[in-house]
Amino acid sequence: MIRPVSALLAAVFCLYVSKAGADPVASIRWLQQGTEVQAEAAFADAKTPFAIASIGKMMTAVAVLRVAERGDLGLEDAVVDWVPEGIIDGLAIPETLTIRQLLSMRSGLPDYLDDAFYDLDAPSAREALAHVYGEPLLFGPGEDFDYSNTNYVLLGLILEEATQVPYEEVMVREVFTPAGMAQAFVFGARELPAAFPNGHEGGEHVRAVYARNRGFGDGGVISSAQDLGRFLSALFVEQSLLSEGSLRMMLDADDYGLGVEIDGPIVGHSGGDVGFASDARVDLETGRIGIILVADGEAQTWWAEEAVR
């Protein structure tokens, strides 16, 4: 049963510890409306950092839109004008491909993220993309939709080029600080905190995966439920991160906008990476926020969407 706590106690609510298993899995369910929070946790609390995987795509998209608002890049800019020539040639990036099409998953670029990718030894973003060099486009830019993580790795590199600082610093400046996310970071940018759960994948512990690798623009953020709630509230409820026009562009779609999954008034993103599963949803009509973070790559995360309806 989910227990209500006040905004004052949101960071210090009870820790539910099951003694049934010798191999505990950290998890948290977070339900928020305004300053009222309900939370249920196991082997975790409001400030426990989890790998949130593709939920981070919303944050990369916000950073791109904020940089675009300042005129430092344009959504209709050609991708070939922003990434190194070697990447352009390796991925066969068409001259007509735009930044907007990367954001909306309409590029046709193949996905670099497959089982074989995890055999690479701590690759950089450029080395990750090289994993799919020479593969053909799935379709021409703008002709169809295909969810490809390659799009958001490229967006992370474009942010670095436009701002002249590393991706992890872009996220601090454009997302974490303005949203009030005190503990969020991109993994690889600092040592993992002791509280970071030892995620589970196929019965194996995977903390070492995050300790030795770097996070990219497609899902490299570590965040607590509390910080993720702050981000969702700032973006969709308070609407303080983006201009009205940028937020409208982000949500101007029937299913996938600019880095956000859309189902009528319910918006957000799911995530899954080695040893972790997550989901974060907001009802735009009520401002209700649902978040589930689980240190188990095989966990079901449907709860977040159902909780906000």
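The values are calculated or read from the model by the stated rules, or taken from the named source; none is laboratory data. Since the structure is predicted, the reported quantities are computational estimates derived from the model, not experimental observations. Neighbour counts are summed over all protein chains in view; Cβ atoms, including those assigned to glycine, are modelled from backbone coordinates with ideal geometry. Note: areas computed on protein heavy atoms with side chains; ligands, DNA, RNA excluded. Shrake-Rupley method; radii C 1.70, N 1.55, O 1.52, S 1.80 Å.
Annotations for the structure displayed:
- Hull shadow area, averaged, region 37-106 [alpha-carbon convex hull, nm²]: 7.6
- Size-normalised alpha-carbon gyration radius of the chain, reference 2.2 N^0.38 Å: 0.96
- Projecting label points 7 angstrom from Cα along Cα→Cβ for Arg212 and Glu143 puts them 4.0 nm apart.
- Relative to the Cα centre, the charge distribution of the chain, modelled as +1 at Lys and Arg Cβ and -1 at Asp and Glu Cβ, gives a dipole magnitude of about 1340 debye.
- Average accessible surface for region 30-159: 38 Å² per residue, computed with a 1.4 Å probe over protein heavy atoms with every protein chain in place.
- For region 130-228, the Cβ-based charge dipole about the Cα centre amounts to some 460 debye (Lys, Arg positive; Asp, Glu negative; other atoms uncharged).
- Reported value for region 198-237: 104 Å³ per residue, from the convex hull of its C-alpha atoms.
- Cut-off of 10 Å, at most 16 other beta carbons, DSSP loop: longest stretch of the chain lacking such GluC sites (Glu not before Pro): 1-75
- Helix-only mean residue ellipticity at 222 nm for the chain, each DSSP H run of n ≥ 4 adding -39500 (n - 2.57), per residue, nearest 500: -6500 deg cm²/dmol
- Remark on region 235-309: ratio of C-alpha radius of gyration to 2.2 N^0.38 Å is 1.14.
- Radius ratio Rg over Rh of region 123-183, counting only Cα atoms, Kirkwood formula for Rh: 1.07
- Compactness of region 152-283 is given as radius of gyration and Dmax, 15.3, 46 Å, from Cα positions.
- When the Cα atoms of region 104-212 are aligned to their principal axes, the ranges along those axes come out at 45, 38, 21 Å in descending order.
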